[in-house]
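The next block holds one structure in the form of structure tokens; read it before the comments.
The values are calculated or read from the model by the stated rules, or taken from the named source; none is laboratory data. Since this is a predicted model, take the numbers as computed values, not measurements. Here the Cβ positions follow ideal geometry from the backbone for every residue, glycine too, while neighbour counts run over all protein chains shown. We work out accessible area using only protein heavy atoms, side chains counted, and drop any ligands, DNA or RNA first. Shrake-Rupley method; radii C 1.70, N 1.55, O 1.52, S 1.80 Å.
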Amino acid sequence: MCGIVGYIGWQDAAPMLLKGLKRLEYRGYDSAGIALLNGTLSVMKQKGSVGDLENNADTFSASMSGATVGIGHTRWATHGEPSDLNAHPHLNETGDIAVIHNGIIENYSALKQELVSQGYLFLSETDSEVLVHLIDRIWENEPALDLESVTRRALRHVEGAYGLCVISSREPDKIVVARKGSPLVIGIGIGEFFIASDAAPIVEHTNKVVYLSDGELAVVTREGYSVKTIENVEQEKMVTELDFSLEKIEKGGFEHFMLKEIFEQPSVMHDVMRGRVRVAEGQIFLGGIADYLDRLKQAKRIVICACGTSWHAALLGEYLIEEFARIPVEVDYASEFRYRNPIVGVDDVVILISQSGETADTLAALRTAKEKGALVMGICNVVGSTIARETLCGMYTHAGPEIGVASTKAFTAQVIMLYMLALALSKGRTMSGEEIVINLKELASIPEKAARILELDSQIQSIAQRFKDAKNFLYLGRGYNFPVALEGALKLKEISYIHAEGYPAAEMKHGPIALIDEDMPVIIIATRDNTYSKILSNIEEVRSRKGRVIAIANDGDQEISRLAEDVIYIPQASGPITPLLAVIPLQLLAYHIATLRGCNVDRPRNLAKSVTVE
Ligand code: G6P
């Protein structure tokens, strides 16, 4: 949600910032802009993508070239539509202070009224613009202060969330950055420093980074950086080494990041399990929770909170943990949990699942659970992310950077983590050693089976060709395949803008069946498990209303081919493991339908990869 970059050093800052913004574009792409210091402050910004901005670079001031200090922003609109004026950076009236901001200033309306009444002129409809005028006003009143102090004082007036960078031609050799709620990372080079919302734009320059914590403000110069709290207390920061390479955040020959990430799944599945399972011995090592495993096993109840695709993984977590470990599990949308005064206490474990580790609602749910005394545990993909840092214990999914806005490989990685967690919680309680081995064998067979499904890509593409013009889709599944139906429908609506709904198949008769006619494609996950005969009846019900059925079935199932218009065959697997396979054709189907409709799958309209506003 909004991407921020900054550079101070010895290289030409403009191309550096534009490149960095491109790596962050998955966070927002409504507008882009940069501000550079080269004696004076120059800004170029406009509605649209970073590429559009780059194409117009010639029409902007020539003073851009040669600048070695600058900041840049790619926007996901909250307050004010995508437009040139609402694009960041925002300037004060005299044009010598520039601010970029990610987050929401909740009291912006009151602050704006006050500033307007004092004669400040606002050019945008954004909440962010109040920041630059606030800084300007404080500086006007106390000209002896430096940029750091005026920024700090301004932030004391602000309620809400921010990751921000401020530069000024009055103090041209520094960038002031601050964070509360929205992530910020400083990359450490030699005689140069990089600032970004996440490590993606930094990794090609350096692998040494410092993560700012909430309530911290840093001053970055060519010589170094100093970090203090907003209250002006100095902070010692730990330098972290990034553990991913540039090639992991590039497309590697695929047309889109999303396709690359779908195809990466077999190797990601290996990576998630690497060093964590020893199949023959029935061993599961989950280092990040090892010290808390006994407490987890004794939990009266586990609550899992998440948003979006991670919420679908959470639902599978409920099925897995309840079936394997017999511990009651509740799943909540993080946004609901945080506001409904949930009953949670010291006997409960609250698990937060988040690919980015930055989702505002999930982070707030974590803090609520912590306040109420629950043991909080995270399942995150992004190493060093806020949720990962604020949870007591947790596990990284190790799926590698996920750039496509619609989550794919992060989902399968989360489900594998939950599968391993469920087994670890069962060991010595509800499952014998032999049962653990059987289930681990199932898990270990998954990467090879997933690779076989990817070979069906061209069949799935031809199905997509025939169904791409449908206006609605229904996705049905039972048991473990119900969350898969939800996830399949979410994938399609996110990237193709076709209305799609996921339902437990048996619920169809309580409403959705009214929608079924010859124009309604119905995707039914009909793998052979304990509900197989029931799902066959559901297919008959759809057919008798002329619905067009696309079935996901197990290899060799002839019966289904008589009933469905199309069948996508996936390898046989146990019920609990099937979602890891059944979801792959649904990801590919959504991808192909969206690309055939000419949609930008990596950057779907109105969405962002990391949602740091509530
Ligand atoms: C956004 C993304 C989704 C993601 C959700 C939760 O909506 O577009 O792909 O599932 O946020 O994100 P998280 O990082 O917490 O898993």
Item checked: With 5 Å bins from 0: P(r) over segment 234-378, alpha-carbon pairs, percent -> 2, 8, 13, 17, 18, 16, 12, 9, 4, 1, 0
Checklist line | For T527, solvent-accessible area (1.4 Å; no DNA, RNA or ligand), Å² | finding: 0 Å²
Margin query: Leaving out ligands and nucleic acids, and using a 1.4 Å probe, what accessible area per residue does segment 435-590 come to in Å²?
Written below: 37 Å²
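When ranked by the protection proxy of mean other Cβ atoms within 10 Å per residue, highest first, what sequence do the peptides 317-325, 246-254, 119-127 form?
Details: 317-325: 21.3, 246-254: 12.7, 119-127: 15.9.
Packing order, densest peptide first, comes out as 317-325, 119-127, 246-254.
Would you please put 284-293, 165-174 in order of how densely packed they are, using the mean number of other Cβ atoms within 10 angstrom per residue and starting with the highest?
Working: 284-293: 15.8, 165-174: 21.2.
Most protected by this proxy first, the peptides run 165-174, 284-293.
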Checklist line | the chain - Rg over Rh from alpha carbon coordinates, Kirkwood radius | finding: 1.00
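Sort K609, K546 from largest to smallest accessible area, using a 1.4 Å probe on the heavy atoms of the protein chains. Please report the intermediate quantities before stating the final value.
Details: K609 25, K546 135 Å².
Reading off the accessible areas and sorting them downward yields K546, K609.
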Next item on the list: On the protein heavy atoms, probe 1.4 angstrom, tell me the percent of accessible surface of segment 408-565 carried by carbon and sulfur.
Entry: 49 percent
Notebook entry, point to check: Around L246, what is the net charge, scoring Lys/Arg as +1 and Asp/Glu as -1 over all other residues with Cβ under 10 Å from its Cβ?
Noted result: -1
Next item on the list: Return the carbon/sulfur percentage of the accessible area of segment 157-250, one whole number, probe 1.4 Å, all protein chains in place.
Entry: 49 percent
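When the dipole is taken about the Cα centre of the chain, and only Lys, Arg (+1) and Asp, Glu (-1) are charged at their Cβ, what size is it in debye, to the nearest 20?
Numbers: 61 positive and 80 negative charges, 221 e Å.
Once rounded to the nearest 20, the dipole reads 1060 debye.
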Next item on the list: Mind listing the long-range amide H neighbours of S31? Cut-off is under 5 Å, sequence gap 5 or more, other chains count too, H placed in the peptide plane at 1.01 Å from N.
Entry: G48, R75
Notebook entry, point to check: Which ³J(HN,Hα) values, rounded to whole Hz and listed in residue order, are derived for segment 589-598 from phi using the Karplus coefficients 6.51, -1.76 and 1.60 in 6.51 cos²θ - 1.76 cosθ + 1.60 with θ = phi - 60°, glycine and proline given as x?
Noted result: 4, 4, 4, 5, 4, 5, 5, 5, 8, x
Checklist line | For G502, residues with placed amide H under 5 Å, excluding near neighbours | finding: Y475
Notebook entry, point to check: Near the amide H of G394, under 5 Å away, which other amide H atoms are found, from residues 5 or more places off or on another chain, if H is placed in the peptide plane?
Noted result: I289, G378
Note to self: Based on Cα coordinates alone, diagonalise the gyration tensor for segment 171-215, multiply each eigenvalue by 5, take square roots, and list the semi-axes in whole Å, largest first.
What the structure shows: 17, 15, 8
Check: Of I550, I523, G575, which is farthest along the charge dipole of segment 511-584 in the positive direction, counting Lys and Arg as +1 and Asp and Glu as -1 at C-beta?
Finding: G575
Item checked: Counted charge near D557, where neighbours are those whose Cβ lies closer than 14 Å (Asp, Glu -1; Lys, Arg +1) -> -2
Margin query: From the phi angles alone, apply the Karplus equation (6.51, -1.76, 1.60; θ = phi - 60°) to segment 534-549 and give each ³J(HN,Hα) in whole Hz, x where the residue is Gly or Pro.
Written below: 5, 6, 4, 4, 4, 4, 4, 4, 5, 4, 5, 9, 6, x, 9, 9
Margin query: Ranking request for peptides 34-42, 376-384, 9-17: highest mean number of other beta-carbon atoms within 10 Å first, then the rest in descending order.
Written below: 376-384, 34-42, 9-17
Margin query: Ratio of alpha-carbon Rg to the 2.2 N^0.38 Å globular estimate for segment 550-614, to two decimals, please.
Written below: 1.49
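Taking a probe of 1.4 Å, how large is the accessible area per residue of segment 188-301, in Å²? Let's see the in-between values first.
Working: 5760 Å² over 114 residues.
Accessible area per residue: 51 Å².
With the Cα gyration tensor of segment 1-105 in hand, give its eigenvalues times 5 under a square root as the equivalent ellipsoid semi-axes, listed largest first in whole angstrom. All intermediate terms of the calculation are to be shown ahead of the outcome.
Details: eigenvalues 77, 43, 32 Å².
With the √(5λ) rule applied to segment 1-105, the semi-axes are 20, 15, 13 Å.
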Check: Can you work out ³J(HN,Hα) from phi for every residue in segment 556-571, in order, using Karplus 6.51 cos²θ - 1.76 cosθ + 1.60 and θ = phi - 60°, giving whole Hz and x for Gly and Pro?
Finding: x, 7, 7, 4, 4, 5, 6, 9, 9, 5, 9, 10, 10, 8, 10, x
Check: Which translational diffusion coefficient, to the nearest whole µm²/s, is obtained for segment 355-483 from the Stokes-Einstein equation, given a Kirkwood hydrodynamic radius over C-alpha pairs, 20 °C and 1.002 mPa s?
Finding: 120 µm²/s
